[in-house]
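As structure tokens, the structure follows; a few thoughts come after it.
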Amino acid sequence: MATVCIVYGSETGNTKRAAEIVAAGLLERGHGARLVNAAEAGPEVFVEPCDALLFGVSTWGAVEEEVCQDFLAFYDELGKADLKGRRAAVFGCGDSGYDRFCKAVDFVEQRVQARGATLLQESLKIDRHPKDSPGLVEGWTGELAKRL
Ligand SMILES: Cc1cc2nc3c(=O)[nH]c(=O)nc-3n(C[C@H](O)[C@H](O)[C@H](O)COP(=O)(O)O)c2cc1C
């Protein structure tokens, strides 16, 4: 059994819902999962004794690097974190109607890798709300659970 910490930033609740689905899927498979709102998270997250760090982030084109407002301060912390030897995965919601679909997922993924973490699997980009793509988040979580 592994323990994961899931840090999510969400403006209208879509990525929060995805984070809840990921947490429930991991719990169902015998893993432990803790949800943390990025708006309330600081560098303490990076020293948590967990087996993997998961990051959920939505894309809002109006702000710096398109990371949603709730994730912005934590995104700065991520840029300073020592993640050497840590395992991580990234997911997030966007809207394919925008040119830069889910770019925040790419930005966070790049930053996580630049700080030394290894990605457990391909990042997940969700179009609008998880319920618009039935089974997508659940399937991604199932794969992740096997890699933990
Ligand atoms: C002002 C604004 C800008 C947005 N910019 C983008 C964008 O550049 N790329 C994208 O994929 N989605 C964009 N979106 C869509 C949101 O990312 C999408 O609604 C997402 O599901 C919201 O997730 P959240 O509720 O977790 O914040 C934008 C939405 C708004 C309102």
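Listed values, structure above:
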{"read-out": "Difference of contour (0.36 nm per residue) and Cα-Cα distance, residue 143 to residue 84", "value": "18.9 nm"}
{"read-out": "Ellipticity estimate at 222 nm from DSSP helix runs (n ≥ 4, -39,500 (n - 2.57)) divided over the chain, nearest 500", "value": "-10500 deg cm²/dmol"}
{"read-out": "Label-point separation, residue 35 to residue 77 (7 Å along Cα→Cβ), nm", "value": "1.8"}
{"read-out": "3J(HN,Hα) from dihedral phi, segment 70-78, Karplus parametrisation 6.51/-1.76/1.60, rounded to Hz, x for glycine, proline", "value": "5, 9, 4, 5, 5, 4, 5, 4, 4"}
{"read-out": "Per-residue HN-Hα couplings for segment 54-60 [Karplus 6.51, -1.76, 1.60; θ = phi - 60°; Hz; x = Gly/Pro]", "value": "10, 10, x, 8, 9, 9, 10"}
{"read-out": "Length added when fully stretched, residue 12-residue 128, from 0.36 nm per residue minus Cα-Cα", "value": "40.7 nm"}
{"read-out": "Ranked order, 26, 119 - accessible area, probe 1.4 Å, largest first", "value": "119, 26"}
{"read-out": "Estimated inter-spin distance, residue 28 and residue 95, nm [label 7 Å along Cα→Cβ]", "value": "2.9"}
{"read-out": "Long-range lysine pairs (8 or more apart or interchain), the chain, Cα under 18 Å", "value": "4"}
{"read-out": "DSSP bridge pairs, the chain: antiparallel proportion in percent, nearest 5", "value": "5"}
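The values are calculated or read from the model by the stated rules, or taken from the named source; none is laboratory data. This structure is a prediction, so every number in the text was calculated from the model and none was measured. Counting neighbours? That spans all protein chains shown, and the Cβs are built from the backbone with ideal geometry, glycine included. The area values use the complete protein model at the heavy-atom level, side chains included, leaving out ligands, DNA and RNA. Shrake-Rupley method; radii C 1.70, N 1.55, O 1.52, S 1.80 Å.
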